[in-house]
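**Q** Encoded as structure tokens, here's the structure I'll be asking about.
Bear in mind these aren't lab numbers, they're just calculated from the coordinates by the rules spelled out. On a predicted model such as this, the values are computed, not experimentally measured, just so you know. Cβ placement follows ideal geometry from the backbone for every residue including glycine, while neighbour counts extend to all protein chains displayed.
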Amino acid sequence: MSRIEATFAALKQQGRKALIPYVTAGDPFPETTVALMHALADAGADVIELGMPFSDPMADGPVIQQASERALAKGVTLAQVLAFVAAFRERNQTTPVVLMGYANPVERHGATRFVADAAKAGVDGVLIVDYPPEECAAFAGALDAAGLAPIFLLAPTSTEARMAEVGKLARGYVYYVSLKGVTGAGHLDTAAVAAMLPRIRAHVSVPVGVGFGIRDGATARAVAEHADAVVIGSRLVELLSRQAGDNVALTGAQFIREIRAELDA
């Protein structure tokens with residue numbers, strides 16, 4: 001059983017929902033990334049989504065775009081992202097890490113080499129925003145064969161056919177984008193989320209996480225009534241961007257601890 005599967009199985013047995021924070025690798029400072037990952041895990045994060053910085057993150061709003069720009073300006077590369085994961089694994093062998101990003105850095109690295117290097121570093125899953133399921137069966141198969149979960153996005157506009165394609169390839173969990181638009185945008189409609197999830201589950205056997213528009217404990221708890229996991233990114237990245245030094249890990253931990261308390265209440 002993979003780390004992701006074990007995590008969701010344990011949470012289900014406890015009657016709890018997964019909390020999945022997203023942070024951009026190397027932001028706000030490369031030297032704080034590993035400490036931040038440990039702080040998030042210690043504060044109650046069940047899975048950590050680690051963003052791979054990219055110069056044209058088309059699905060992301062200004063907050064995460066700027067995080068990518070800051071990380072790239074500090075020289076953060078895909079190789080360094082993998083090194084962050086390997087360093088995290090020196091102390092933490094249980095918290096799953098999912099790399100999230102875009103096709104260009106993966107293809108520049110070489111898809112076959114990327115899969116091997118990610119597995120070696122201790123990555124558990126990969127979500128490539130611009131790899132639609134109908135065009136990346138080989139890549140998803142390579143991830144699966146290496147013990148990495150291919151993770152896919154679904155959206156309010158996803159057709160039944162797209163859900164079925166995702167259902168064939170997805171491992172670990174599926175990430176449902178609760179809003180039309182980019183990360184950090186719009187107003188979360190929990191009723192719409194509640195209506196959509198049964199449609200997704202008709203095609204998908206893995207847990208369903210929901211993200212976009214979740215900014216505090218109240219919205220996280222409302223979404224968790226229907227989803228298996230809550231993904232929170234833009235608000236956390238925004239908070240971290242204002243911090244310096246040790247405050248990065250402390251602020252991240254405090255925020256996640258508050259969300260965790262709401263989810264468990």
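**Q** Could you compute how fast segment 87-194 diffuses translationally, taking Rh as the Kirkwood radius over C-alpha pairs and applying Stokes-Einstein at 4 °C with viscosity 1.567 mPa s? Give it in µm² per second.
**A** Once the numbers are plugged in, D ends up at 86 µm²/s.
**Q** In sequence order, what are the phi-derived ³J(HN,Hα) couplings for segment 74-88 according to the Karplus relation 6.51 cos²θ - 1.76 cosθ + 1.60 with θ = phi - 60°, rounded to whole Hz, with x for glycine and proline?
**A** Running phi through 6.51 cos²θ - 1.76 cosθ + 1.60 with θ = phi - 60° gives 8, x, 6, 10, 4, 4, 6, 4, 5, 5, 4, 5, 4, 5, 4 Hz.
**Q** Further question: Which ordering of T77, T32 is given by a fewest-first count of other beta-carbon atoms within 10 Å?
**A** Ordered by Cβ neighbours within 10 Å, fewest first: T77, T32.
**Q** More than 19 angstrom separation, counting every C-alpha pair in segment 110-162; what % is that?
**A** Roughly 27 percent, once rounded to a whole number.
**Q** Also, I was wondering about something else. Provide the FRET efficiency to the nearest 0.05 for the N92-M58 pair, computing r from the beta carbons and using R0 = 22 Å.
**A** For R0 = 22 Å, the calculated efficiency reads 0.10.
**Q** If N is the number of residues in segment 3-264, what value comes out of its Cα radius of gyration divided by 2.2 N^0.38 Å?
**A** Dividing the Cα radius of gyration by 2.2 N^0.38 Å gives 0.91.
**Q** Next up: If I model a spin label at N104 and A194 as a point 7 Å from the Cα along the Cα→Cβ vector, what separation in nanometres do I get?
**A** Going by the 7 Å Cα→Cβ label model, 4.1 nm.
**Q** Debye calculation, C-alpha points only, no solvent: report log10 I(q)/I(0) for segment 186-264 at q = 0.16, 0.17, 0.24 Å⁻¹, in the same order as the q values.
**A** Once normalised to I(0) and log-transformed, intensities are -0.63, -0.69, -1.10.
**Q** Moving to a separate point now. Could you please rank I256, I200, placing first whichever residue has the fewest other Cβ atoms within 10 Å of its Cβ?
**A** Listing I256, I200 from fewest to most nearby Cβ atoms yields I200, I256.
**Q** Cα-based count: Lys pairs in the chain below 27 Å, eight or more positions apart or different chains?
**A** Eligible lysine pairs with Cα atoms under 27 Å apart amount to 6.
**Q** When the helix-only estimate is applied to the chain (DSSP H runs of n ≥ 4, each -39,500 (n - 2.57), divided by the residue count), what is the mean residue ellipticity at 222 nm, nearest 500 deg cm²/dmol?
**A** Value at 222 nm, helices only, nearest 500: -14500 deg cm²/dmol.
**Q** Ordered by residue, what ³J(HN,Hα) values in Hz, to whole numbers, does segment 145-155 give under the Karplus form 6.51 cos²θ - 1.76 cosθ + 1.60, where θ = phi - 60° and Gly and Pro are x?
**A** For segment 145-155, the Karplus curve yields 5, 8, x, 9, 7, x, 10, 10, 8, 10, 9 Hz.
**Q** Return the Rg/Rh ratio of segment 110-265 with Cα-based radii and a Kirkwood Rh.
**A** Taking Rh as the inverse mean 1/r over Cα pairs, Rg/Rh reads 0.99.
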